[in-house]
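Q: The structure under discussion is supplied below as structure tokens; questions concerning it will follow.
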Amino acid sequence: MTSRPRPRVLGVAFAALALLSCLSACSDSTKPGTLAQHEMNATPSAQVTAAPAAGAKVIDVTVTGTTVTPDGGRIPIKAGQQVIFKIQADAKGEVHVHSSPATAIFYPAGASQASITITQPGIIEVEIENLGKPVAQLEVQ
Ligand SMILES: [Cu+2]
């Protein structure tokens, strides 16, 4: 996995909130699929009314075909900091966050966003699960 930074491609501003539920298993080889994972649906941007909380870390994710931006570089965040994924995708898919337990964020085609908070320090991999492509390594401090 490289830590090469890449330009972000999203300029649209929308705000956060996501629905939470639990279920399912991780098909990733780096994580034993023993724990239940959180599942949530990203909120279509048109339905987002609130602005991001002050101090939130916004990560713009663009998925075009099998091309994902960013592409796996380190992104430092603080434990407990709100992380907002702003997703722009040409097809629906799943952002998978290898937190413990893992979090699956199902996003629709188009612009959407979802918010998570990670409280445990460590390196947390984020990938587009259905493409097997890395998005970022969250460096939780
Ligand atoms: Cu995964």
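The values are calculated or read from the model by the stated rules, or taken from the named source; none is laboratory data. Every value quoted in this text rests on a predicted model; they were computed, and no experiment measured them. We place every Cβ from the backbone using ideal geometry, glycine too, and count neighbours over all the protein chains shown.
Q: Please indicate, with yes or no, whether at least one residue in the range 97-116 is under 13 Å from residue 129 (Cα atoms), away from the ligand (no atom under 16 Å from the Cβ) and at pLDDT 95 or above.
A: No: the range 97-116 contains no residue that is under 13 Å from residue 129 (Cα atoms), away from the ligand (no atom under 16 Å from the Cβ) and at pLDDT 95 or above.
Q: Looking at (1) within 23 Å of residue 140 (Cβ to Cβ); (2) modelled with pLDDT of 95 or more; (3) of a type outside the set (Val, Ile, Thr), which is the one condition that is false for residue 31?
A: With respect to (1) within 23 Å of residue 140 (Cβ to Cβ); (2) modelled with pLDDT of 95 or more; (3) of a type outside the set (Val, Ile, Thr), residue 31 is out only on (2).
Q: Given the options 24, 3, name the one that is of a type in the set (S, T, N, Q), within 16 Å of the ligand (Cβ to nearest atom) and modelled with pLDDT under 95.
A: 24
Q: List pairs: first residue in the range 117-135 and farther than 20 Å from residue 78 by Cα and in a loop (DSSP other than H, G, I, E, B), second residue more than 10 Å from the ligand (Cβ to nearest atom) and not hydroxyl-bearing (Ser, Thr, Tyr) anywhere in the structure, Cβ distance under 8 angstrom, at least six positions apart or on different chains.
A: 129/93; 130/93; 131/63; 131/68; 131/93
Q: So, one more: Which pairs do you get when a residue that is free of Cβ contacts under 8 Å to residues at least 24 places away in the same chain, found in the range 82-103, comes within reach of a residue that is away from the ligand (no atom under 12 Å from the Cβ), reach meaning Cβ atoms under 7 angstrom, with the pair 6+ apart or on two chains?
A: 92/107; 92/108; 92/109
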